[in-house]
Amino acid sequence: MSIILKNVNEVDSEVSEILDLEEKRQKFKINLIASENYASTAVMETQGSLMTNKYAEGYPGKRYYGGCEYHDMVENLAIERAKKLFGAEHVNVQPHSGTQANMAIYFAMLDVGDTIMSMNLSHGGHLSHGSPVNFTGKYFDIVSYEVDKETQTLNFDTLRDLALKHQPKLIIAGASAYPREIDFAAFREIADEVGAYFLADIAHIAGLVIAGLHKSPIPYADFVTTTTHKTLRGPRGGMIMCKKEYAEKVNRMVFPGIQGGPLMHAIAAKAVAFKEAMSDNFMKYQKQIVINAKTLANELMINGFDLVSGGTDNHLMLADLIKTGITGKEAEETLGNVGIIVSRSTIPFETRSPFVTSGIRLGTPAVTTRGMKEEEMKLIADWVTKSLNNIENATIQNEILSAVEGLCTQFPLFK
Ligand code: DSN
């Protein structure tokens, strides 16, 4: 029976069995998905709590339902803690996701048809920043910037030229697959030059920003959005931070603009996660994420892999598999079979479809939560290499699978 939901088995044995299977999967596989993490049991308990039994449309002190006194208390706690953690003037903790946080900014500040300048999805950007298959690509005119062909990093001269040419109303910095530090001050300068709003989406790096391991966009950006479940290690959800002058517009767009009742159980769990993020342990954890990422990246390069931009400054790296002859999809499947979970990823100037891809993305937030350090990163790099170099060799693949399970047993989850 699942460690978290002890009563489910009595009511629904089918779901209970699925929870058991997922618990085993999380416990005995190495999770290198850069956007995932393991929330603490305190966060999960709160997210699964009785706070789900309430409508609380509106904001603290101004609800459209009676009986919201404790929901006001918990939402205010979450807001105050987030303000303190990030040094933000205004915080809205109600967005259900990162995409809804972004949507609120677009619809609060732009008109349909306005121009947004953002990073190309296949160069590391996010779906909700302007992909043609996303609402952003349908409602707004999207100008995409790419990484430099030589350095595979952002080139601010090219970015500036693009902004001057297209005069966007909003410039977005932030990515899902960019292994280097983002210069938010440089984005601000360009935004000022063309009179654009500046949105920084820090979903991936929020934890690093709190720990001061990545420069904060708060002094530079008009709006900062994030998810709360990646490096921040909270419940699945979104959040908006912005300058005071935009508070009213942003709040009104989140509710009643694009959302109805807030998920109060998730908001309560955000408050718990923010408290955890104020601890010394959280700072140490963030430092180790970066050390682990650097170690994993260096070992993979020693083993012959090409990494986009030649390494990492943050929690993730992108392996360019072109010279190996295998696709991202094949690599994801092969590693999945030995218990190492990664996500296929497009690489800059990708020639394959997003379903196949030429790369994989690897990140260290989840394995670092388990307590793994440099020594374990070296083992993992060797297993990734050996597995991908011996795709057809079942004996080797089985040996790696056993070794992976052995390592996971040494670093238990949900203790
Ligand atoms: N899709 C997420 C990621 O994996 O980066 C971001 O929302």
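The values are calculated or read from the model by the stated rules, or taken from the named source; none is laboratory data. It should be emphasised that the depicted structure is a prediction, and the values quoted were computed from it without experimental measurement. Quick reminder, even Gly has a Cβ in these numbers, built from the backbone with ideal geometry, and neighbours come from all protein chains shown. Accessible surface is based on the protein model in full, side chains and every heavy atom, while ligands, DNA and RNA are left aside. Shrake-Rupley method; radii C 1.70, N 1.55, O 1.52, S 1.80 Å.
Numerical summary
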| read-out | value |
| --- | --- |
| Value of relative contact order over the chain, rounded to a whole percent, pairs C-alpha under 8 Å and six or more apart | 22 |
| Pairs beyond 19 Å (Cα-Cα), from Lys165/Lys215; Lys29/Lys284; Lys294/Lys373 | Lys165/Lys215; Lys29/Lys284 |
| Contour minus Cα-Cα distance for Ile322 and Lys249 (0.36 nm per residue) | 21.6 nm |
| Cut-off under 5 Å, modelled amide H: who pairs with Ala34 long-range | Ser343, Gly363 |
| DSSP beta bridge pairing in the chain, given as percent antiparallel to the nearest 5 | 55 |
| Helix-only mean residue ellipticity at 222 nm for the chain, each DSSP H run of n ≥ 4 adding -39500 (n - 2.57), per residue, nearest 500 | -13000 deg cm²/dmol |
| Cα gyration tensor shape for the stretch 262-336, rounded if a/c is under 1.5, else prolate or oblate | oblate |
| Carbon and sulfur %, accessible surface of the chain computed with the full protein complex present, 1.4 Å | 51 |
| Virtual spin-label span in nm between Asp157 and His96, 7 Å along Cα→Cβ | 4.6 |
| Peptides 123-136, 7-20, 49-62, 298-311 ordered by average Cβ neighbours within 10 Å, highest first | 123-136, 298-311, 49-62, 7-20 |
| Exposure ranking of Ser402, Ser345 by accessible area [1.4 Å probe, largest first] | Ser402, Ser345 |
| Prolate/oblate/rounded call for the stretch 288-415, Cα gyration tensor, a/c under 1.5 rounded | oblate |
| Built amide H within the under 5 Å cut-off of Ala203, gap 5+ | Thr227 |
| Where the stretch 1-52 is the region considered: accessible area per residue in Å², 1.4 Å probe | 61 |
| Inter-label distance for Lys415 and Val133, nm, one decimal - labels placed 7 Å from Cα along Cα-to-Cβ | 4.2 |
| Computed Rg/Rh of the stretch 318-363, alpha carbon atoms with Kirkwood Rh | 0.94 |
| Residue-wise HN-Hα coupling along the stretch 242-251, computed from phi with Karplus coefficients 6.51, -1.76, 1.60 (Hz; x: Gly, Pro) | 7, 5, 3, 4, 9, 4, 4, 4, 5, 4 |
| Distance from the stretch 371-387 to the stretch 121-152 (C-alpha centre basis), Å | 32 |
| Whole-angstrom gap from the stretch 42-71 to the stretch 174-208, using each part's C-alpha centre | 32 |
| Hz values of 3J(HN,Hα) by residue in the stretch 161-176 - Karplus curve (6.51, -1.76, 1.60), Gly and Pro given as x | 4, 5, 5, 5, 5, 9, 6, x, 8, 9, 10, 10, 10, x, 7, 9 |
| Gyration tensor (alpha-carbon) shape descriptor, the stretch 148-217, a/c threshold 1.5 | oblate |
| Per residue accessible area in Å² of the stretch 275-415, where ligands, DNA and RNA are left out and the probe is 1.4 Å | 43 |
| The stretch 91-231, relative contact order [Cα under 8 Å, separation at least 6], % | 22 |
| Karplus 3J(HN,Hα) series, Hz, for the stretch 24-38 with 6.51 cos²θ - 1.76 cosθ + 1.60 (x for Gly, Pro) | 5, 4, 5, 6, 10, 10, 8, 9, 10, 6, 5, 9, 10, 7, 10 |
| Loop-located trypsin sites (Lys or Arg not before Pro) in the stretch 194-281 whose Cβ has at most 14 other Cβ within 10 Å (DSSP) | none |
| Mean accessible surface per residue for the stretch 128-176, computed with a 1.4 Å probe while every protein chain stays in place, in Å² | 50 |
| Amide hydrogen neighbours beyond the local backbone of Asp141, cut-off 5 Å, H modeled | Gly113, Asp114, Thr115, Ile116 |
| Per residue convex hull volume, Cα atoms of the chain, in Å³ | 140 |
